1. What number of residues within the stretch A:114-137 are part of a helix (DSSP H, G or I), surrounded by 20 or more Cβ atoms within 10 Å (Cβ to Cβ) and under 19 Å from the mean Cα position of the chain (by Cα)?
2. If you check every pair at least six apart or on different chains, which have Cβ atoms under 8 Å apart with a residue in the stretch B:178-206 that is within 14 Å of another protein chain (Cβ to nearest Cβ) first and a residue that is polar (S, T, N, Q) and assigned to a helix (DSSP H, G or I) second?
3. Could we say that A:Pro161 is closer than 27 Å to A:Glu28 by Cβ and either assigned to a strand (DSSP E or B) or within 13 Å of another protein chain (Cβ to nearest Cβ) (or both) here?
4. Pairs, please: C-beta under 6 Å, at least 6 apart or cross-chain, first residue touching a residue at least 60 places away in the same chain (Cβ under 8 Å) and facing chain B (nearest Cβ under 7 Å) and in the stretch A:70-89, second of a type in the set (Ser, Thr, Tyr) and buried (at least 18 other Cβ atoms within 10 Å of the Cβ)?
5. Are any of the residues in the stretch A:182-197 farther than 27 Å from A:Asp61 by Cβ, loosely packed, with under 15 Cβ neighbours inside 10 Å, at pLDDT 90 or above and of a type outside the set (Val, Ile, Thr)?
6. Test B:Gly43 against the stated conditions and say whether it is of a type in the set (Gly, Ala, Ser), within 24 Å of B:Val191 (Cβ to Cβ) and either crowded, with 21+ Cβ neighbours inside 10 Å or free of Cβ contacts under 8 Å to residues at least 40 places away in the same chain (or both).
7. Can you confirm whether B:Arg87 is in contact (Cβ under 8 Å) with a residue 12 or more places away in the chain and within 30 Å of A:Gly100 (Cα to Cα)?
8. Condition (residue is closer than 25 Å to B:Ile217 by Cβ and at pLDDT 95 or above) applied to the stretch B:154-165: is it met by at least one residue?
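The values are calculated or read from the model by the stated rules, or taken from the named source; none is laboratory data. Bear in mind that the values here come from a model prediction, so they are computed numbers and not experimental data. Virtual Cβ from ideal backbone geometry, glycine too; neighbours counted across all protein chains shown.
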Amino acid sequence: MLKLENVHVYYGHVHALKGITIEVRQGELVALLGANGAGKSTTLMTISGLLRPRSGSITYDGHDLTRADPYDIVGLGAIQCPEGRRIFGGLTVQENLLMGAVRRRDRQAVRQDLDWVCSLFPVLGQRLRQTGATLSGGEQQMLAIGRALMARPKLLMLDEPSLGLAPLIVQAIFDVIRQLHEQGVTILLVEQNARQALQVADRGYLLETGRVMLSGLVTELYANPEVERFYLGGAA
Amino acid sequence: MTFIQFLLQQAINAISIGSLYALMAIGLAMVFGILRLINFAHGDLIMVGSYTALLMLVAGAPFWAAGLVGIIASALAGLIMERVAYRPIRGAPDVAMLLTSFAVTIFLENFAVLLFSPTPRPFPAPAILGTALQFGQLRVASVDVVAIIVAGVLLVLLTFFITRTEVGVSMRAASQDLLAARLMGINVNRVIAAAFAIGSMLAGVVGLLWSVRVGKIDPLMGFYPVLKAFVASVIGGLGSLPGAVLGGYVLGILEILLQGLLPSSLTPFRDAFVFVILIILLLFRPNGILGTTEREKI
């Protein structure tokens, strides 16, 4: 469904992505792992059209996304839940969720999806009239994911959903991610928390300073001693 | 005239001028909120609207028609300004955008000087706006009353717009986090154009009322209003729409208050006193009264 081929991205003179080739097939949950600065967020930003590759190509669902505008990319159903939540603090929870659906024209279905998101995250349903800034970190993350879901994504891209959250909340969020995966949503998950990510993913890519170092099924990655040592805490 | 009546008269004066500052400040705040740009050329939109209205009046049009065309002219000028001067440099460093806004101001003002000469021209007010209303001992300029009413109506409409319409809520979202707004698929071009259009329309309205109040127009007439609007926006909290409104009224009230309280030898320096008080206010609340606290995260 999504294919990045040999994508090079620069921040000015800095070569951030050095020939990334990644594939996400329909219905898969693919994890993008790596340390800080490896290029994971850069990859998502490029897919979403906020960054433009200097070379390489991005194809999605038959469309060429390489030079596309974020407006069109969202229209095609590729939705990103960005790093750090980035919810609209001054808007209410309900307004935040409705902003997620701003690109859609089907009013009735949007209302239904609002109810569905509130069933996934009941705490949001309780706080619909509160402003985003009054929510806790975990609630904001749920709001961010809910907001992305309001767009009825064909491809859902999550950037570090566990960042800065208590383990119990992380569990709850990953339970929802697992649920979505079971419902057939195609997911590209960026995470520093490799352990959590590999527990829900089908396949994974390991990024290091802009390059794909390893890729494969989750079972293969678990078995790899490099991954074990550097990203999973390692054997004693 | 009793003291109460004097107070009431000054209060109406203050709220009237505060209304004009508030409407101007909203236009500035709308654009700043999304683009982080202080559009100093916003003041010249007053000038564009007023001269267009004057041309219509001289051609014999009734005041309401001339006024309407003037407001539309301001809105169009604002949209053209956005398209031609600001959209091409979107994403440029803040300094570049600031310099561009100065460039637009200089261009518009000098163009107007070329067309109309720097000499001020009288702006004929219609009967409804030119009279003084008498309530017993109280004498109130009708234009002041109209300004207050018009501002009230516009503020109600604006509030409805930013809370109940998709474009309005998108505008608030975009001013809080532009990157996240783009990730939602919000049509940023349309939202920015709407911000400019609305702000410019408001400037057009302010222009008409201002021109009637002062009685004459000149190419540089936008300079002080935009300065006052900028100050009002800063006091209220740059980027915040309620802040802009609050700042406008605070500034208006402060001006009239000092005008009345200062000894006559010092009234020419009224503005200096106003700004000293504002500096003190900013020392205690650097982000303004209702200021947004965080800068945009990258």
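1. 1
2. B:Ala181/B:Ser170; B:Ile186/B:Ser170; B:Asn187/B:Ser170; B:Val191/B:Ser170
3. Working: closer than 27 Å to A:Glu28 by Cβ: yes; either assigned to a strand (DSSP E or B) or within 13 Å of another protein chain (Cβ to nearest Cβ) (or both): no.
No, not satisfied.
4. A:Gln80/A:Ser48
5. Of all residues in the stretch A:182-197, those farther than 27 Å from A:Asp61 by Cβ come to A:192-196.
Still in the list and also loosely packed, with under 15 Cβ neighbours inside 10 Å: A:195.
Filter once more, so that each one left must be at pLDDT 90 or above: none.
No, the stretch A:182-197 contains no residue that is farther than 27 Å from A:Asp61 by Cβ, loosely packed, with under 15 Cβ neighbours inside 10 Å, at pLDDT 90 or above and of a type outside the set (Val, Ile, Thr).
6. Details: of a type in the set (Gly, Ala, Ser): yes; within 24 Å of B:Val191 (Cβ to Cβ): yes; either crowded, with 21+ Cβ neighbours inside 10 Å or free of Cβ contacts under 8 Å to residues at least 40 places away in the same chain (or both): yes.
Here the answer is yes, as B:Gly43 does meet what is asked.
7. Values: in contact (Cβ under 8 Å) with a residue 12 or more places away in the chain: yes; within 30 Å of A:Gly100 (Cα to Cα): yes.
Judged against the criteria, B:Arg87 is a match.
8. To start, the set of residues in the stretch B:154-165 that are closer than 25 Å to B:Ile217 by Cβ comprises B:154.
Next, from what is left, pick out any that are at pLDDT 95 or above: B:154.
Checking the stretch B:154-165: at least one residue is closer than 25 Å to B:Ile217 by Cβ and at pLDDT 95 or above.
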